[in-house]
Amino acid sequence: MNKIDITKKILSLDSDYDPKYFNKFYKAWWYNWRNSENCKFRLTDSGYEYFKNVAEIKFYEIRYPKGLVITNKIVIDLDRYIDCPYFIDKKSLMVSSEKVAVQLVLFDGNLGNFGKAKRRKIQKGT
């Protein structure tokens, strides 16, 4: 599923939704609203709030270990390897997939190590 499909599905839950406002919601909810392979599922503040509070989608909180600095490389890795809507804040990462949450918990919330492991797996071709 891509961001357009997800957005349409979430909006279809609202009986008052008018399709002519699709672009307004789409651009407000997704951090990078281009629909390409490299621009995945990072939500903006308003997207996260709508998904969580209005659409009532469950998010799993992954707290960062003390001292973790969110670098550009980490953000790029998250965009590459997380295949569900997610939200980044200063203290934690919120993901909407239990499977992804378990993977991140196994890394103790260390997003840098998560990205390294994913890159290694791809380089090995497994």
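The values are calculated or read from the model by the stated rules, or taken from the named source; none is laboratory data. Values in this document were obtained by computation on a predicted structure and should not be read as measured data. Virtual Cβ from ideal backbone geometry, glycine too; neighbours counted across all protein chains shown.
Across segment 62-73, what is the total count of residues that are surrounded by 14 or more Cβ atoms within 10 Å (Cβ to Cβ) and closer than 19 Å to residue 99 by Cα? It would help to see each step written out before you state the result.
Narrowing segment 62-73 to residues surrounded by 14 or more Cβ atoms within 10 Å (Cβ to Cβ): 62, 64, 68, 70.
Subsequent filtering for residues that are closer than 19 Å to residue 99 by Cα retains 62, 64.
Looking only at that region, the number is 2.
Let me spell it out: the conditions are (1) at pLDDT 90 or above; (2) exposed (fewer than 15 other Cβ atoms within 10 Å of the Cβ); (3) of a type in the set (Lys, Arg), and residue 42 meets all of them except one. Which number is the exception?
Against the list (1) at pLDDT 90 or above; (2) exposed (fewer than 15 other Cβ atoms within 10 Å of the Cβ); (3) of a type in the set (Lys, Arg), residue 42 comes up short only on (2).
Sort through 74, 82 and tell me the only one that's closer than 22 Å to residue 49 by Cα and touching a residue at least 24 places away in the same chain (Cβ under 8 Å). Spell out how you get there, then give the answer.
Working: 74 fails: closer than 22 Å to residue 49 by Cα.
Of the residues listed, the single one that is closer than 22 Å to residue 49 by Cα and touching a residue at least 24 places away in the same chain (Cβ under 8 Å) is 82.
Just a yes or no: is a residue in segment 61-69 touching a helix residue (DSSP H, G or I) at 6+ places or on another chain (Cβ under 7 Å) and either modelled with pLDDT of 95 or more or among the polar types (S, T, N, Q) (or both)?
yes
Return yes or no: is residue 14 among the acidic types (Asp, Glu) and more than 19 Å from residue 105 (Cα to Cα)? So that I can check it myself, show each step before the final result.
On the way: among the acidic types (Asp, Glu): yes; more than 19 Å from residue 105 (Cα to Cα): yes.
Judged against the criteria, residue 14 is a match.
Of the residues that sit in segment 113-126 and are more than 16 Å from the chain's Cα centre (by Cα) and small (Gly, Ala, Ser), which one is nearest to residue 62 (Cα to Cα)?
Looking at the filtered set, the residue picked out is 117.
Quick one: which residue in 73, 8, 66 is basic (Lys, Arg), more than 13 Å from the chain's Cα centre (by Cα) and within 20 Å of residue 121 (Cβ to Cβ)? Step through it out loud before you land on a result.
Details: 8 fails: within 20 Å of residue 121 (Cβ to Cβ); 66 fails: within 20 Å of residue 121 (Cβ to Cβ).
Selected residue: 73, the only one of 73, 8, 66 that is basic (Lys, Arg), more than 13 Å from the chain's Cα centre (by Cα) and within 20 Å of residue 121 (Cβ to Cβ).
Table: residues versus (1) closer than 25 Å to residue 6 by Cα; (2) not in a loop (DSSP other than H, G, I, E, B).
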position: 20; (1), (2): yes, yes
position: 28; (1), (2): yes, yes
position: 40; (1), (2): yes, no
position: 62; (1), (2): yes, yes
position: 117; (1), (2): no, yes
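If I filter segment 95-112 down to residues being assigned to a helix (DSSP H, G or I) and surrounded by 13 or more Cβ atoms within 10 Å (Cβ to Cβ), which single residue comes out as farthest from the chain's Cα centre (by Cα)? Walk me through it before giving the result.
Here is the first cut: in segment 95-112, the residues assigned to a helix (DSSP H, G or I) are 98-106, 111-112.
The next check asks that each one be surrounded by 13 or more Cβ atoms within 10 Å (Cβ to Cβ); those that pass are 100-101, 103-104, 111-112.
On the way: 100: 10, 101: 11, 103: 14, 104: 13, 111: 13, 112: 16 Å.
Taking the candidates together, the pick is 112.
So how many residues does segment 76-94 have that are surrounded by 15 or more Cβ atoms within 10 Å (Cβ to Cβ), acidic (Asp, Glu) and over 9 Å from the mean Cα position of the chain (by Cα)?
Residues flagged as surrounded by 15 or more Cβ atoms within 10 Å (Cβ to Cβ), acidic (Asp, Glu) and over 9 Å from the mean Cα position of the chain (by Cα) within segment 76-94 amount to 1.
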